[in-house]
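Notes for the one structure printed next.
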Amino acid sequence: MKTEESSENEFFDVAVIGAGPAGCMAAIQAGKARKSVVLLERNSEIGKKLLLTGKGRCNVSNSAGVCDLAARFARHGGFYRHAFTRFSSGNLSRFFAASGLSLKTERQGRIFPVTDKASSVNEVLEKEMRAAGVNIYFNTRVISVTKSKGSFKLTVEGIDRDIYARNVIVATGGCSYTGTGSTGDGFLFARSFGHDIEELFPALVPLTVKEEWVKTLQGLTLKNIRIVFECIKKKIVSDIGECMFTHFGISGPLVLDLSGEILPYVIKNGSVNAYIDVKPGLALEQLESKFLKEFVTKGNMDLKNYLGTILPHRLAVIFPEIAGILPGKKLNQITRPERKALAVFLKKLSFTIDGSLPLNRAMVTAGGVSIKQIDAKSMESKKVFGLYFAGEVIAGHAPSGGYNLQQAFSTGYLAGENAALSRAEGEGND
Ligand SMILES: Cc1cc2nc3c(=O)[nH]c(=O)nc-3n(C[C@H](O)[C@H](O)[C@H](O)COP(=O)(O)OP(=O)(O)OC[C@H]3O[C@@H](n4cnc5c(N)ncnc54)[C@H](O)[C@@H]3O)c2cc1C
C-alpha cells in the first residue's frame with residue numbers, strides 16, 4: 001500500500017538501499033510480507049558485483065553447517081550464527097530451486113548455480129522481487145538518510161523527489177571494486193546515526209612483498225606448499241595450498257584467504273615476515289638425509305640441475321643465489337653447512353610482506369558497521385529504531401568459498417523479515 005506523504009514525495013513501509021544480494025533478499029522478504037517496499041539502486045541493474053563472483057560462475061554459498069559457517073567469520077562468527085540458522089545454505093538452495101534455478105555442490109562444499117552463470121542468480125532475484133511487488137528504482141543514488149517524527153527521509157540523486165519510509169535497510173556493500181557501485185556510502189549513513197565503524201581494510205586481496213627476487217618469479221605458481229606468517233617471531237597463521245608469484249608480490253587462493261588475517265598486523269607493525277615451506281611433506285631431517293644420499297649418488301651433477309629435479313625450473317634457477325651457493329657447484333663439492341643451509345631454505349623460504357593491493361582491488365572489505373550496535377536476531381540498529389543493516393556493510397568477512405554471499409543472503413533475509421514486522425516505536429523484535 002503505497003501512500004503519498006505529499007504529491008512530490010513517496011512513502012513506503014520499507015526502503016532498501018542497494019540491490020546487491022543482501023538488498024535484493026531483504027526486499028523480497030519485506031515484499032512477501034505484503035509491505036510497500038522500495039529498492040533504491042544507483043546502477044541501472046541489480047547485482048553488478050554479483051556478476052563478477054566466482055569468476056562469473058557465482059559461488060553462491062557453502063554447504064557447511066551453521067557452526068562451520070559462523071566459524072569462518074572468526075571473531076564476528078557468533079554474531080552471524082542466528083542469521084545462518086534462520087536462513088541457512090539449505091534454505092538458500094530451496095529458495096533458488098523454487099524459482100527454477102537448481103544449485104550444485106562442488107569441492108570443499110562450494111555451491112554454484114547449475115548454469116555456471118552468475119547472471120542466472122540475478123535473474124531469480126529480480127523475478128522474485130517483481131513477484132513480491134517490490135518497487136525497484138534504478139539509477140537512484142541515496143545521498144543521505146535522516147529521521148524525524150518516526151519516519152526516515154531519503155534524499156536521492158536520480159529522481160526529483162524524496163523518499164520517506166518507516167524502516168530503512170542499508171545494504172550498500174563495502175568499498176572495494178567501486179566500479180560496481182559499492183563505494184562505502186552505507187558507512188557514512190551509519191556514522192550519521194552515531195554508529196561506530198570498525199576499521200576498513202582489504203581482505204581477499206593479493207599481498208605486496210619487499211624483496212625483489214620474489215617479484216622476478218612473476219607467473220610462477222607453487223602448489224601444495226605451506227605458507228607461514230609471523231609477526232615479531234610469533235606465528236599469526238599458516239596453511240597449505242597454492243601460491244602465485246606476481247610482479248608486486250604474492251597472490252593465489254591460499255594468500256587471498258589468509259590476507260584478511262594478516263593485514264591488521266601489517267597495518268599495525270609496518271610489515272610481517274612470511275615463509276614458504278616448499279616441501280611440507282618432508283621434515284627438515286628427512287630433507288637433509290635425502291640431500292646427504294643424493295649428493296653422493298649424483299655427485300657430478302650441478303646444483304642448479306639437481307634442484308631442477310625437485311623444484312619448478314624458475315625456482316631452481318634462483319634458489320642457489322638466495323641460499324648463497326654457486327649454482328654451477330657440483331653436488332660432491334657442496335659442504336656440510338651449505339647442504340644444511342639448502343635444506344633450511346627449502347623449508348623456510350623467507351620474505352617480507354609490506355602491504356597489499358589497495359582496498360579497491362580487494363574482493364571483500366574487512367571492517368564495517370560495528371556488530372556491537374546491531375541486534376544479531378533482527379539486524380536492526382540498537383541505536384535507531386527502524387534502521388537495519390545487511391550484507392558486507394556490516395563488519396566481518398570470511399575466506400573464499402561462498403561464505404560471504406551466504407552472509408549477504410542470510411542477513412538480508414533477517415533484515416527484510418524483521419523490517420516488515422509492524423511495530424510501534426519502543427516495541428522490540430522477538
Ligand atoms: C571479484 C569478486 C569475486 C567474488 N566472488 C565471490 C564468490 O564467489 N563467493 C562469495 O561468497 N563472495 C564473493 N565475493 C564477495 C561478494 O561479492 C560480496 O560479499 C557480496 O557482493 C556482498 O553483497 P552486498 O549485497 O552486501 O553488497 P554489494 O554486492 O556490494 O551490493 C551493494 C549494492 O548497493 C548499491 N549502492 C551502494 N551505495 C548506494 C547508494 N548510496 N544508493 C543506492 N545504491 C547504492 C551498489 O551499487 C550495489 O549494487 C566476490 C567479490 C568480488 C569483488
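Computed over the chain with a Gaussian network model linking Cα atoms closer than 10 Å, the most mobile of I322, I136, I169 is I322. Based on the convex hull around the alpha carbon atoms, the stretch 305-389 presents an average projected area of 10.4 nm².
Build a GNM of the chain with springs between Cα atoms under 10 Å apart, and of G402, G181, G324 the one that fluctuates most is G324. Think of the chain as a dipole: +1 on every Lys or Arg Cβ, -1 on every Asp or Glu Cβ, centred on the Cα centre; then among T335, A274, G401, T335 lies furthest on the positive end. Taking springs between alpha-carbon atoms closer than 10 angstrom, which of V364, V209, V114 fluctuates most in the Gaussian network model of the chain? Most flexible of the set in this elastic network: V114. In this structure, the amide hydrogen of F12, modeled 1.01 Å from its nitrogen in the peptide plane, lies closer than 5 angstrom to those of Y164, A165, R166, counting only residues at least 5 positions away or on a different chain.
Taking other C-beta atoms within 10 angstrom as a stand-in for reagent exposure, V142, V156, V317 fall in the order V317, V156, V142, fewest first. The distance separating the Cα centre of the stretch 100-147 from that of the stretch 346-372 comes to 28 Å.
Each Lys and Arg contributes +1 and each Asp and Glu -1, all at the Cβ; summed about the Cα centre of the stretch 206-356, the dipole is approximately 500 debye. Backbone phi angles across the stretch 254-270, fed through the Karplus curve with coefficients 6.51, -1.76 and 1.60 (θ = phi - 60°), yield HN-Hα couplings of 4, 5, 4, 5, 8, 4, x, 7, 8, 4, x, 6, 5, 4, 6, 10, x Hz in residue order; Gly and Pro are listed as x. If you model the chain as an ellipsoid using its alpha carbon gyration tensor, with each semi-axis the square root of five times an eigenvalue, the axes come out at 51, 20, 18 Å, biggest first.
Distance from the alpha carbon centroid of the stretch 210-244 to that of the stretch 272-330 works out to 17 angstrom. Backbone amide hydrogens, once placed in the peptide plane, bring E211 within less than 5 Å of T352, excluding anything fewer than 5 places away on its chain. Along the stretch 197-210 the Karplus relation, 6.51 cos²θ - 1.76 cosθ + 1.60 evaluated at θ = phi - 60°, assigns HN-Hα couplings of 10, 5, 3, 8, 8, x, 9, 6, 9, x, 10, 9, 10, 6 Hz to successive residues, with x for each Gly and Pro.
Farthest toward the positive end of the dipole of the stretch 135-256, out of I240, Y164, F229, is the Cα of Y164, where the dipole comes from beta carbon charges about the Cα centre.
With θ taken as phi - 60° and the Karplus curve 6.51 cos²θ - 1.76 cosθ + 1.60 applied, the whole-hertz 3J(HN,Hα) list for the stretch 90-95 is x, 4, 5, 4, 5, 4 Hz, x standing for glycine and proline.
The H on the amide N of I136, modeled in the peptide plane, is under 5 Å from the matching H of L39, each at least 5 residues off or on a different chain.
Values in this text are rule-based calculations from the coordinates and carry no lab data. What you are looking at is a predicted structure, and each value in this text was computed from that prediction instead of being measured. Counting neighbours? That spans all protein chains shown, and the Cβs are built from the backbone with ideal geometry, glycine included.
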